[in-house]
Amino acid sequence: ERDPERLAPLDSARVPREVRGLVDAINALLQRLDTALVRERHFVADAAHELRTPISALKVHADNARHAADSTEREAAQELLSDSVTRIERLVVQLLSLSRAENVGGMRRREPLRLDTLVVTEAEDIRALAERKRQSLVLDLQEVTINGDELALSLLVRNVLENAVRYTPPGGAIHVSLRRAEACALF
């Protein structure tokens, strides 16, 4: 009699004592299923948000290749197009790994990584979008190595850069700096 979409717990108030354990187990299962479905909806929304910019950059590079004035411009645009496809592929693999780790409740590993290299990679994804708005993207990065979760930091840096492009007026300049400050990195 229950709607399959309804994941509310069963009412155990009027259940005979003999089956109360079964009803409690079913309620616990319904709660875990509801939590998993909420997590899945969040993942799909997050993945769509994270893929939006790299896919936009991919479109820009494809458009540049299509409208190139000569073979040198076309080859440069095709190289950027290939790099964008590789970055999107990496992002998809990272997002799926993140989803798996969250689903099993695993902790993500913190590993030594060059934060300046990560910022350059994410900035290159954003550069085509900035150029489309006639924005300049200026990087002033010190070499900074930290222990961190590469995927989480990539998503954070990309989000900051996307917002900078989105909210900087056309023709404006976006200055990105990275500095080491004692035991911290300032981005």
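Values as computed for the structure displayed
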| item | result |
| --- | --- |
| Residue selected from region 128-137 under the condition under 22 Å from H49 (Cβ atoms) and in a loop (DSSP other than H, G, I, E, B), by the criterion least open to solvent (accessible area, probe 1.4 Å) | Q135 |
| Top-ranked residue in region 40-65 [being open to solvent by 80 Å² or more (accessible area, probe 1.4 Å) and either of a type in the set (K, R) or more than 26 Å from A152 (Cα to Cα) (or both); ranked as farthest from the chain's Cα centre (by Cα)] | K59 |
| Which listed residue, of R100, R20, R74, is at pLDDT 85 or above, over 30 Å from R127 (Cα atoms), of a type in the set (K, R) and part of a helix (DSSP H, G or I) | R20 |
| Qualifying positions in region 138-164 - open to solvent by 20 Å² or more (accessible area, probe 1.4 Å) and outside any helix (DSSP H, G or I) | V138, L139, D140, L141, Q142, E143, T145, I146, N147, D149 |
| Tabulated pairs, region 173-184, first open to solvent by 60 Å² or more (accessible area, probe 1.4 Å), second in a strand (DSSP E or B), C-beta under 6 angstrom, 6+ apart or interchain | H175/V138; R179/L186 |
| Hits in region 72-98 - residues which are closer than 30 Å to H42 by Cβ and without any contact (Cβ under 8 Å) to a residue 12 or more places away in the chain | T86, E89, R90, V93, L96 |
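The values are calculated or read from the model by the stated rules, or taken from the named source; none is laboratory data. Only a predicted model underlies this, so the values are computations on that prediction, with no experimental measurement involved. A quick note on method: Cβ atoms are made from the backbone with ideal geometry, for glycine too, and the neighbour counts reach across all protein chains shown. Areas reflect the complete protein model, heavy atoms only, side chains present, ligands, DNA and RNA absent. Shrake-Rupley method; radii C 1.70, N 1.55, O 1.52, S 1.80 Å.
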